[in-house]
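Down below is the structure, laid out as structure tokens.
The values are calculated or read from the model by the stated rules, or taken from the named source; none is laboratory data. What you see is a predicted model; the values in this text were computed from it and never measured. Glycine also receives a Cβ, built like all others from the backbone with ideal geometry; neighbour counts cover every protein chain displayed. Ligands, DNA and RNA are excluded from the accessible area calculation, which covers all protein heavy atoms including side chains. Shrake-Rupley method; radii C 1.70, N 1.55, O 1.52, S 1.80 Å.
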Amino acid sequence: MAAPPAALVSKVKKHFIGIPAPLGYVAGVGRGATGFTTRSDIGPARDANDVSDDRHAPPTKKKKKDEEEDDDEDLNDSNYDEFSGYGGSLFSKDPYDKDDEEADMIYEEIDKRMDEKRKEYREKRLKEELEKYRQERPKIQQQFSDLKRGLTMVSEDEWRNIPEVGDARNRKQRNPRAEKFTPLPDTVLSRSLGGESTSSIDSASGLMSQYPHGTVTPGMLTPSGDLDLRKMGQARNTLMNVKLNQVSDSVEGQTVVDPKGYLTDLHSMIPTYGGDINDIKKARLLLKSVRETNPNHPPAWIASARLEEVTGKIQAARNVIMKGCEDNPKSEDLWLEAARLQPPETAKAVIAQAVRHIPTSVRIWIKAADLESETKGKRKVYRKALEHIPNSVRLWKAAIELEDPEDARILLSRAVECCPTSVDLWLALARLETYENARKVLNKARENIPTDRQIWTTAAKLEEANGNINMVEKIIDRAISSLSANGVEINREQWIKEAIEAEKCGSVKTCQALIKAIIGYGIEDEDRKHTWMEDADSCASQLAYECSRAIFSHSLAAFPSKKSIWLRAAYFEKNHGTRDSLETLLQKAVAHCPKSEVLWLMGAKSKWLAGDVPAARGILSLAFQANPNSEEIWLAAVKLESENSEFDRARRLLSKARASAPTPRVMMKSAKLEWCLNNLDTALQILEEALVKFPDYAKLWLMKGQIEEQQGDVDRAHETFNSALKKCPSSIPLWICLARLDEKRKMLTKARSVLEKGRLKNPRNPELWLEAIRIEFRAGMRDIANTMMAKALQECPNAGILWSEAIFLEPRPQRKTKSVDALKKCEHDVNVLLAVSKLFWSERKLQKCREWFNRTVKIDPDFGDAWAYFYRFEVLHGTEEAQLDIKKRCIAAEPHHGEAWCIVSKNIDNWRLTTENVLMLVAKDLPIPI
């Protein structure tokens, strides 16, 4: 490699040692080093780019510069702050005169004055913070203050026996060169023998860890003779057995250490109170101060005893409470607390002492009786107590409860003499006496207590129980007049409650007499009907059916022509009465309200369900006479005949009805009867005649299109539905039927347009949205179905049928979230509740599923789909009893709605099926949720 030219080589040699560094130089700044401060150069080290300081400038130049800047030192920019102004004194060069001193004094006084204003608050706050800090972090001196006070009880022997801590701690430091010896186990020694069978080793055999020169390792001292390893092991085992036997069972079975007793002692030493010990001490000192200040205050003694009890010092608690009893011998609370703290035998002595001081305390006598374990002792205590307190009802009741009926009757006869104002004692005595004596007892009770209604009602029950029915009403009437004369306020609610209690006791006549006497008391004439219906419902809700029946009877007597009361009474008898009582009531009802069609129909249905078809016909014929040309009665008569296979009579009735009362329903029922009997041409003829008269009745068009579709004439059916929609554009079933017919004809685009046109004519209709979504889903367009569902929920946010469908359109992980949203929007919608029930079913949460099914059928019993799914669920996962219960409840509810339910129930082939049969068919075809 050629050498560089001489012109490029610097002639000046650079020196780095002994030459001062350039101005502002920081070693290593190019590779990321930072400056630092040392004692030699006060101030921060600077980067190469920083403004240079004057440490390395010539001394004369620096001094001159400092002198130039002295004058402006106080007013330069570095000494100025935007908020606080210039630092230091701007006038430090000026003399300090008397005015300046006076101004400083004034400012100082102002500062002191301002400081005194907040002094108390500041000192208080500082004190509270200090106390809080001391509570959270107490000094070691405070923590051990109680232990230091306890050192005064240490004896001199205990002081002498305290070990010197410094010996054990500093032993290693005082003897750092002490040699340590670690005994070797026998296995190591035997292994060192090299497999020889000898049992001893020789000290000179070389097995004792020697140095290379043959010297024995220091510290390994060997005996002069042979070392027998077996004897050493045996001796060690013997010593261990001796130590173990000292704490194990001896030959007699006694134990030196009793584990159970030891644990018991430990448990007694551990206080049950888990609070702070400082709080206990404070409370103890406070209560002690209260006791000393006012020793005649029983609550202070009780609180002190309970404090000791809580902290586990039961004996101290007993001592405190007994001291309190000595200072306050007339306080029954103290004596009862003392008895509670003492063991049973000692408690008896304490209570005996209490009885001597307070012989008239009922609570102490009862406590004394409770401490007795035998009935004989309790009786003896109560007899003694009644000698001291003969007018205590509580003692009499407690004593009578321990006696036999005969002895109780004797005691009660004495008790009513001592306590003549106790109603319970009089009534108890009357129950134990014979009929004649009971009447006398109750008469005496009325004389002593003329203001109590229970004595009168008991007398009425007594007369009813002995067959004097006529006396019951007289006694109740006398009771109200007598109580009113004695200034007793007659409260309707209390008397109705008394009637309910009488019914529960089996006194029906007394119950009816009470209702009759009190039902109209204190009610305005215009409020009677409303109030009485509320009373009847209230009694029925409390299962007091006789009271409700009595209220309805009185209401019907007061308002014989009120159809609403007759209807409510009839429904009450239907739900809670018998068939005979219902029919009897309905006979009276139609006699008073002959124009009420519902009452006639209820009577006819009751006879029909009982199997008495001629009687049902007779009731309907009477109904015809009272209500000529009534559509409801015509149709009820037709249903009665058709259900009993009297089709010719049903046809004649319908023809008469069409001639005399040609209503759309009569025409529809006529066509449906022919349709059910498979006379399709006759049905179509009737429908065409009906459509001429009633072209706006959508069900007629619907039936005509369905019959034509059943005949296979799809084009004609399509034409019928189109004509129907021109006349009835607001009929949703017509739009859905036309769309399904187009879908059946493989005209999917036409079906979509039909539904879209229907949504334009009927905006915000969830049924049309749901059908459009299902058409897309059946066509395999799942994405389009989800998009349409989102639009539908935006337009109909409270539609339960849409939310129920949306739950199962979601993937399984998102269904639960969707169900929560649905419940927020439609909390009480049966479709949403049914969907949630099916969701729990799919997750196999059977108990929750059963609860939600029950909730669904309870909210809307007319929703057949819920009953069908519930029954299907119980068939798969329930018992036979549950299945029978669901079936029974469904038959009682008689549901008529529901998509799956109507598909089966409205099928013309199933027109004669009962509710039970429809339930079985619907449940059979339902899919299991997955």
Excluding ligands and nucleic acids, what accessible area in Å² is computed for residue 388 using a 1.4 Å probe, to the nearest 10? 80
Relative contact order [Cα under 8 Å, 6+ residues apart], segment 277-405, whole percent: 14
Compute the Cα gyration tensor for segment 824-890, then decide on rounded, prolate or oblate, letting a ≥ b ≥ c be the square roots of its eigenvalues: rounded whenever a/c is under 1.5, prolate when a/b is larger than b/c in the other cases, and oblate in all that remain. oblate
Can you figure out the FRET efficiency of residue 930 with residue 646, using R₀ = 45 Å and their beta-carbon distance, to the nearest 0.05? 0.40
Solvent-accessible surface ranking, highest first, for 453, 356, 652 at 1.4 angstrom: 356, 652, 453
Cα gyration tensor shape of segment 674-746, rounded if a/c is under 1.5, else prolate or oblate by comparing a/b with b/c: oblate
Would you tell me the accessible area of residue 281, worked out with a 1.4 angstrom probe on the heavy atoms of the protein chains, in Å² to the nearest 10? 50
What trypsin sites (Lys or Arg not before Pro) does segment 656-706 have in DSSP loop regions with at most 12 other beta carbons within 10 Å? none
Express in whole angstrom the spacing between the alpha-carbon centres of segment 699-724 and segment 854-896. 35
Listed by chain and number, the lysines with an alpha carbon less than 22 angstrom from that of residue 672, same-chain partners under 8 positions apart left out, are 605, 639, 656, 693, 699, 704, 727, 906
Within segment 798-847, report the trypsin sites (Lys or Arg not before Pro) that DSSP leaves as loop and that have at most 10 other Cβ atoms within 10 Å. 844
What list of ³J(HN,Hα) couplings, whole Hz, do you get for segment 830-846 from phi and the Karplus terms 6.51, -1.76, 1.60, once you set θ to phi - 60° and write x for glycine and proline? 5, 5, 5, 4, 5, 5, 5, 4, 5, 5, 5, 5, 5, 8, 6, 9, 5
For 867, 852, what's the largest-to-smallest order of accessible area, 1.4 Å probe? 852, 867
Go through 407, 111 and list them by solvent-accessible area, largest first, probe radius 1.4 Å. 111, 407
What list of ³J(HN,Hα) values in whole Hz, one per residue of segment 100-105 in order, does the Karplus curve 6.51 cos²θ - 1.76 cosθ + 1.60 (θ = phi - 60°) give from phi, with Gly and Pro shown as x? 5, 5, 5, 5, 4, 5
With all protein chains in place and a 1.4 Å probe, residue 749 shows an accessible area in Å² (nearest 10) of 100
How would you classify segment 560-655 from its alpha-carbon gyration tensor, with a ≥ b ≥ c the square roots of the eigenvalues: rounded for a/c under 1.5, else prolate if a/b is greater than b/c, otherwise oblate? oblate
Are there trypsin sites (Lys or Arg not before Pro) in segment 303-343 that DSSP puts in a loop and that have at most 14 other Cβ atoms within 10 Å, and which ones? 330
Candidate lysines for bridging to residue 330, where Cα separation is under 22 Å - those fewer than 8 sequence places away on the same chain excluded: 288, 348, 367, 384
